[in-house]
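For reference, the structure discussed in these notes is given below.
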Amino acid sequence: MVANTERTDPDYKIGKALFSEKEIGDRVQLLANKIVSEMSGRDLLVVGILNGAVIFLSDLVRRMPAEFNVKIDFMSISSYGNAAKSSGVVRILKDIGSDIEGRDVLVVEDIIDTGLTLSYLLNIMYTRKPAHLRTCVLLDKQEKREVAVKVDYCGFVIPDVFVVGYGLDYGGKWRHLPDIRAVDF
Ligand code: 5GP
């Protein structure tokens with residue numbers, strides 16, 4: 001008889017919530033208020049980085065008032081690194097459809113770790129000559145930073161743990177969770 005060598009136990013599991021749905025909602029509301037108060041009277045183009053930022057961006061813009069002039073676009077990138085270590089060199093899989101020259105742009109990202117990905121992306125965006133380029137990240141692993149990146153709006157600073165939920169995945173899973181959880185490897 002051939003022994004069954006297939007693993008039946010998962011080698012990882014998701015832990016308890018780091019941030020609940022309510023905590024995230026409250027924080028997203030504060031971020032939206034701050035962005036609107038600092039950019040009122042101007043037209044804002046919000047650029048979400050797919051796929052991770054899609055849920056955060058959707059909640060963020062829906063907390064902005066009707067009279068605030070906001071447009072939305074998306075960019076899809078793939079990093080040349082792997083899940084554990086980002087190389088910082090990104091390939092644009094889908095570019096924004098808007099010309100950003102002379103415009104106020106807010107790049108929305110799910111999480112910043114070493115900073116390499118966002119830094120590379122911002123350098124590309126700067127060459128397109130926006131009037132202002134700001135960044136908004138939901139989660140910031142500040143202690144992991146390798147390159148300086150200007151984070152204008154930040155949801156939560158977190159320790160060096162791998163998190164999923166609220167748009168963030170592990171191997172494509174768990175983006176749909178309403179809260180943010182750490183993965184126990
Ligand atoms: P950086 O270039 O700043 O090191 O990496 C940023 C990217 O790494 C994020 O956009 C995200 O795709 C991925 N990443 C970094 N930390 C985590 C994490 O804890 N959870 C998940 N799901 N992705 C992460």
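The values are calculated or read from the model by the stated rules, or taken from the named source; none is laboratory data. All values derive from a computational prediction rather than experimental measurement. All Cβ positions, glycine included, derive from the backbone under ideal geometry; neighbour counts span all protein chains shown. Remember, those area values only see protein heavy atoms, side chains included, never the ligands or the DNA or RNA. Shrake-Rupley method; radii C 1.70, N 1.55, O 1.52, S 1.80 Å.
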- Percentage relative contact order, the chain, counting C-alpha pairs under 8 Å, at least six apart: 24 percent
- Karplus ³J(HN,Hα) for the stretch 52-67 (6.51 cos²θ - 1.76 cosθ + 1.60, θ = phi - 60°; Hz, whole; x = Gly/Pro) runs x, 8, 5, 6, 4, 4, 4, 6, 4, 6, 6, 9, 9, x, 4, 6
- Message: Keeping all protein chains in place and using 1.4 angstrom, which order do 162, 185, 68 fall into by accessible surface area, from largest down?
- Response: 185, 162, 68
- Query: Dipole of the chain, Cα-centred, from +1 at each Lys and Arg C-beta and -1 at each Asp and Glu C-beta, to the nearest 20 debye?
  - Reply: 180 debye
- Query: With every protein chain kept in the model, how would you rank 126, 166 by accessible area, 1.4 Å probe, largest at the top?
  - Reply: 126, 166
- Counted charge near residue 143, where neighbours are those whose Cβ lies closer than 13 Å (Asp, Glu -1; Lys, Arg +1): -1
- Item | For the chain, calculated [θ]222 nm from helices alone, where every DSSP H run of n ≥ 4 adds -39500 (n - 2.57) | -6500 deg cm²/dmol
- So who's got an amide H within less than 5 Å of the one on residue 132, skipping anything under 5 residues away but keeping other chains? H placed 1.01 Å off N, in plane. 103, 104, 105
- Note on the structure: Here the stretch 137-151 yields Karplus 3J(HN,Hα) values (6.51, -1.76, 1.60; θ = phi - 60°; whole Hz; Gly and Pro given as x) of 10, 6, 10, 10, 8, 3, 5, 9, 4, 10, 10, 6, 9, 7, 9
- Taking H as built 1.01 Å from N, whose amide H comes closer than 5 Å to the amide H of residue 19, not counting residues under 5 places away? 180
- Task: Please work out how much length the chain gains when fully extended from residue 156 to residue 66, using 0.36 nm per residue of separation minus the C-alpha to C-alpha distance, in nm with one decimal.
- Result: 29.8 nm
- With every protein chain present, what accessible area does residue 61 have (1.4 Å probe, heavy atoms only), rounded to the nearest 10 Å²? 20 Å²
- Listed by chain and number, the lysines with an alpha carbon less than 21 angstrom from that of residue 16, same-chain partners under 8 positions apart left out, are 141, 173
- Query: Pairing the Cα long axis of helix 21-39 with the longest principal axis of the chain, what angle in degrees results, from 0 to 90 and rounded to the nearest 10?
  - Reply: 20 degrees
- Message: As an exercise, use a Förster radius of 25 Å and the Cβ-Cβ distance of residue 173 and residue 22 to find the FRET efficiency, rounded to the nearest 0.05.
- Response: 0.60
- Karplus ³J(HN,Hα) for the stretch 95-103 (6.51 cos²θ - 1.76 cosθ + 1.60, θ = phi - 60°; Hz, whole; x = Gly/Pro) runs 8, 5, x, 9, 7, 9, 4, x, 9
- Between the residues 39, 130, 112, the Cα farthest towards the positive end of the dipole of the chain, that dipole coming from +1 and -1 charges on the beta-carbon of Lys, Arg, Asp and Glu, is from 130
- Task: Any chance you could run the full-extension gain for residue 128 through residue 91? It's 0.36 nm times the residue separation minus the Cα-Cα distance, nm to one decimal.
- Result: 11.7 nm
- Query: Taking the Cα atoms only, what angle lies between the long axis of helix 116-126 and the longest principal axis of the chain, rounded to 10 degrees?
  - Reply: 20 degrees
